[in-house]
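Okay, so here's the structure we're looking at.
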Amino acid sequence: MNHATIRRTIVINVTADTLWEKTAEDFGGIDKWIASVADVTLHPTDTGDSLGTERVCVSPFGETHETMVVYDEANRTFAYEIEGLPPIIAHGVNNWTITPEGDASSSIEMRLEVEFADMADDEMKTQFEEQIGGLLGQAVEELKHYVETGQPHPRKLEAMQS
């Protein structure tokens, strides 16, 4: 196994349009709601196009550079390449898809696809998948709380105190 796909999905009690606004359209605002991101710097493209926009996220794990590679408003999907992941990862892309689930709710799927570096043994791969799976699970919970209440999740509030 040289690659892995880690998925997390949650239903959120807001419209798909609202969820799109809070995630894709506010690409630089992830630090408002995700506990593991302390700060974000957004680097828009010169043309103002969403494709190619980069955000730099600062977390307790270090700094990641995330560049928008898919931005499909009609199908409510976006994706970004991630640089700065642990050295056992050669390449990573996080895909987000928003699906209407009735008039006033929608689901969001985060699908992280990674290619492991040659140095990664099976134990490292399993440990990474477990840790990242847990973080993605927390991320969708934190997003749900933020979008539904307008307030950061308690984990985010605690992280802001640290």
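A few remarks follow.
- Charged-residue dipole, Cβ positions (Lys, Arg, Asp, Glu), the chain about Cα centre, Debye nearest 20: 440
- Integer Hz, Karplus 6.51/-1.76/1.60 couplings in order for the range 136-142, x for Gly and Pro: 5, x, 5, 4, 5, 5, 5
- Three principal axis lengths of the range 3-155 [C-alpha, angstrom, descending]: 47, 35, 28
- The chain - mean residue ellipticity at 222 nm from DSSP helices (-39,500 (n - 2.57) per run, n ≥ 4, rounded to 500): -8000 deg cm²/dmol
- Only one residue of Ile88, Val70, Thr23 has its Cα farthest out toward the positive end of the dipole of the chain, where Lys and Arg carry +1 and Asp and Glu -1 on Cβ, and that residue is Thr23.
- Exposure proxy shown here: for Met119, Met124, the number of other Cβ atoms within 10 Å sets the order, fewest to most, as Met119, Met124.
- In the range 65-131, trypsin sites (Lys or Arg not before Pro) in a DSSP loop with at most 11 other beta-carbon atoms within 10 Å: none
Here, each number is a calculation from the coordinates, and none is a lab measurement. All of these numbers come straight from a predicted model, not from anything done at the bench. Every residue, glycine among them, receives a Cβ derived from its backbone with ideal geometry; neighbour counts consider all protein chains shown.
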